[in-house]
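These notes are about the structure you will find just below.
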Amino acid sequence: MTFSTVLLDVDGTLVDSNDAHAHAWVEAFAKFDHDVSFARARSLIGMGGDKLVETLTGIAPDDKHSKKLRDVRGEIFREKWLPTVRPLRGSRDLLIRLRAEGFQYAIASAAQEEELRPLLELADIADLVETKTSSSDVEESKPAPDIIEATLAKLLMVERSRTVMVGDTPYDAMAAREASVAFIGVTTGGWAPEALLGAIGVYDGPFALARQFPF
């Protein structure tokens, strides 16, 4: 299959940030007297924050306590953990290759808007990204397909059958499946290949993926 449009997740796909997000969640939950282990939080990274909170506490996404907890998590992440995040090898090379090969590409991230920009800068790709969508742009977060649908709506002349989503978690895979686009997985987010269900290919990370273009 030949693709013309590539959608890219960021956390765990282009930057090594999944552990940092999990640590921030554990600390935020503790502030609200919720005892959540790092391993449990880590297993849900990639899922939208509202759904992560509901999964771990039963608090509904529209509950004010959920929003407050998520806001605290964001503050902890930006102030304490964001400085520890590092780019994944090959992230910039991947986007340069996409541009050189004539692919239409965009960022489709579950990150909040105020986190997405610094993450793109950490990955040294902010100057290469013209189209991006964050969780702030949609009502339903991953694994719902809304983030993919919102990103596709920003692009021109998209053929869904020639579109592929690149991500690192089962939640990316679920979103891609629900949006009827192909999915390519990378293992840099910490998930085993067999967990990335439905992937048409699984790579060690952006460096390995960049070397496989064009599809």
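So the values come out like this:
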| quantity | calculated |
| --- | --- |
| Selection from the stretch 129-151 of residues that are in a helix (DSSP H, G or I) and closer than 21 Å to L119 by Cβ | S135, S136, D137, D146, I147, I148, A150, T151 |
| Every pair of residues 6+ apart whose Cβ atoms lie under 9 Å, when the first sits in the stretch 148-166 and is within 15 Å of E178 (Cβ to Cβ) while the second is basic (K, R) and outside any loop (DSSP other than H, G, I, E, B) | T151/K132; L152/R160 |
| Residues located in the stretch 43-92, provided they are surrounded by fewer than 17 Cβ atoms within 10 Å (Cβ to Cβ), within 17 Å of the chain's Cα centre (by Cα) and assigned to a helix (DSSP H, G or I) | R78 |
| The one condition in (1) in contact with a Pro (Cβ under 7 Å, 6 or more places away or on another chain); (2) in a helix (DSSP H, G or I) that D124 fails to fulfil | (2) |
| Residue identified as at pLDDT below 95 and either assigned by TED's automatic domain parsing to the domain that holds P145 or over 19 Å from T169 (Cβ atoms) (or both) among A60, A111, A106 | A111 |
| Candidates V202, V186, V129, filtered to the one that is among the aliphatic types (A, V, I, L, M), surrounded by 23 or more Cβ atoms within 10 Å (Cβ to Cβ) and modelled with pLDDT of 95 or more | V186 |
| Qualifying residue in the stretch 20-34 (condition: under 30 Å from R211 (Cβ atoms), free of Cβ contacts under 8 Å to residues at least 24 places away in the same chain and assigned by TED's automatic domain parsing to the domain that holds T163) | no |
| Verdict on M165 being modelled with pLDDT of 95 or more, surrounded by 15 or more Cβ atoms within 10 Å (Cβ to Cβ) and part of a strand (DSSP E or B) | yes |
| Matching residues, the stretch 138-191, being closer than 18 Å to L52 by Cα and charged (D, E, K, R) | E139, E140, K142, D146, D168, D172 |
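The values are calculated or read from the model by the stated rules, or taken from the named source; none is laboratory data. Note that the structure is a prediction, hence the values are computed from the model and not measured. Counting neighbours? That spans all protein chains shown, and the Cβs are built from the backbone with ideal geometry, glycine included.
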